[in-house]
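*Asks:* Dropping a structure here in structure tokens format, bear with me for questions.
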Amino acid sequence: MCRKPLSSRCSVTHWEMTRSFRVFRLSLPRMKPVRHCSTLLNQLCAVPALAPGRAYPAGLRQLRPGVRGGASVTEPKAVFSMGGGSSRLFGTLAQSLNSITLAQSDLYPEESPDHHQELAELDPDQLLRECEEALQRRPARPRRDLVYPTGRVPRRCKNNPSVRIMQWNILAQALGEGKDGFIRCPMDALNWQERKYLILEEILTYSPDIVCLQEVDHFYDTFHPIMSSLGYHSSFLPKPWSPCLDVEQNNGPDGCALFHRSSRFSLDASSHLRLSAMMLPTNQVAIVQMLKCRVTGRQLCVAVTHLKARSGWERLRSAQGADLLHNLRSITSLGVQSNTGPVAVPIVVCGDFNAEPSEDVYWRFSSSPLGLRSAYKLLSSDGQTEPPYTTWKIRPSGESCSTLDYIWYSHHALSVDCLLDIPTEEQIGPDRLPSYHYPSDHLSLLCDMSFREDV
């Protein structure tokens, strides 16, 4: 039976409050060169450290190729040990990248590096077979089915095909091995050599058009080259001060990543946001992109975020959510114009909100003037109830079973056609998440949406 988080979770300390609101900068000596993915990444050159430069301001920006942001320095004090992190190679990808130098970009780039690099195209079926081969020793992932909400029927429309969207906190490698304390998960289940294949297998199996990820600390050496070679535009925004940097042999800061299939969408504008609370910058970020569908010609605003974790920070999460909603209103107000005036741009917001439906930040989104609804409520019989959990883990403080992850959408302009169901308790297993058969402590969410034709 699903048990909610225990009240014994750590309370907020003065040091945490101070750390959350200070303007932290990345320490150049702490940044490690990106570790290599066996044969694949042994063929890439070593990654240089970040270079200092100007900070990237929040707010919408039209793309200006080649302009990069910068960071300055703070040295984290606590250091946690981490297990081995060297990786196996992706044979298919290695063949296409053996002459490519993959440079790590600055902390707040205006545009991700793949916009200027030509990477050989990958066969997704071949890469999926490589993933399955690499995972032969592991049990299969839980079988999950696409479910049609009550009253919905499968639709096929050539002129308005569904858009498949994935939301997933994939668990930062440094945190999984070095800090999070999953006491029922064997350390061997967390090694990056195989865990990366489980993550990629999940993505490749469902082939989403838009992928929103949190806790990404292997962007430059894994997700950027692979997703780019699969035909996705990639964007990444690290936290200003990532807890991954506390971990010895870390792979750099974790952050949010947003990918969209270039054959389906073009990128009109992009905004990298550092979320504020009570007029002060926080350690949480969001990526907001204005996309244009190549099939329908309609715009779609997509955002990915990861709000402050842990109990005791409810007011901060609420303020961060309010700041993100304010930015979304500003950004979408610059959308398309018609003969009758401005047209509201549909919005999709994906994220790990670290908030149960009872929290104020959830209420802010569900009652926003933007007309947002949570897609996964449609899985319930009444269409009004969130799933019982999107994360289920066991730590030294106890067992935590919570609904923290959401896909919000503009219900007036978008329709949810189907959703990926939630695994049962039996499928998850007694040791909960992560495990040998699932790579993260959070479940992926996925749904097909389409533009409403009556708007």
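*Asks:* Would you kindly derive the ³J(HN,Hα) couplings of the range 371-387 from the backbone phi angles with the Karplus curve 6.51 cos²θ - 1.76 cosθ + 1.60 (θ = phi - 60°), listing them in order in whole Hz, with x for Gly and Pro?
*Replies:* So the Karplus estimates, Gly and Pro as x, are x, 8, 10, 8, 4, 6, 5, 5, 6, 6, 5, 9, x, 10, 10, 6, x Hz.
*Asks:* Next up: Take the Cβ-Cβ distance between ARG294 and SER358 as r, set R0 to 45 Å, and report the resulting FRET efficiency rounded to the nearest 0.05.
*Replies:* The pair ARG294/SER358 has a calculated efficiency of 0.65.
*Asks:* Also: What distance in nm separates the two pseudo spin-label positions at ASP123 and ARG184, each 7 Å out from Cα along the beta-carbon direction?
*Replies:* 4.1
*Asks:* Separate question: In nm, to one decimal, how far is the modelled label at ASP454 from the one at SER333, with both set 7 Å along Cα→Cβ?
*Replies:* Output for this residue pair reads 2.9 nm.
*Asks:* Order of ASP352, ASP360, ASP454 from fewest to most other C-beta atoms within 10 Å?
*Replies:* Lowest count first: ASP454, ASP360, ASP352.
*Asks:* Taking the number of other C-beta atoms within 10 Å as the exposure measure, put ARG364, ARG184 in order starting with the fewest.
*Replies:* Final ranking by Cβ density, sparse to dense: ARG184, ARG364.
*Asks:* Starting from the Cα-Cα distance between GLU133 and LEU280, subtract it from 0.36 nm times their residue separation and give me the gain in nm to one decimal.
*Replies:* Here the segment from GLU133 to LEU280 would lengthen by 48.1 nm.
*Asks:* Separate question: Neighbouring Cβ atoms within 10 Å as the yardstick, rank HIS233, HIS411, HIS272 fewest first.
*Replies:* Placing the least packed residue first, the sequence is HIS411, HIS233, HIS272.
*Asks:* Classify the range 240-375 as rounded, prolate or oblate, taking a ≥ b ≥ c as the square roots of the eigenvalues of its Cα gyration tensor: rounded when a/c is under 1.5, otherwise prolate if a/b is larger than b/c and oblate if not.
*Replies:* Cα axes put the range 240-375 in the oblate bin.
*Asks:* Now for a separate question. Pop out the ³J(HN,Hα) list for the range 355-360 in order, Karplus 6.51 cos²θ - 1.76 cosθ + 1.60 with θ = phi - 60°, rounded to Hz; leave Gly and Pro as x.
*Replies:* The phi angles translate into 9, 6, x, 7, 7, 5 Hz.
*Asks:* Taking the highest mean first, how do the peptides 324-332, 167-175, 150-158, 282-290 order by number of other beta carbon atoms within 10 angstrom per residue?
*Replies:* Highest-to-lowest ranking by the protection proxy: 167-175, 282-290, 324-332, 150-158.
Rule-based calculations on the coordinates, nothing more; no lab input. Quantities reported herein were computed from a predicted structural model and do not represent experimental measurements. Glycine gets a Cβ as well: all are built from the backbone with ideal geometry, and neighbour counts include every protein chain shown.
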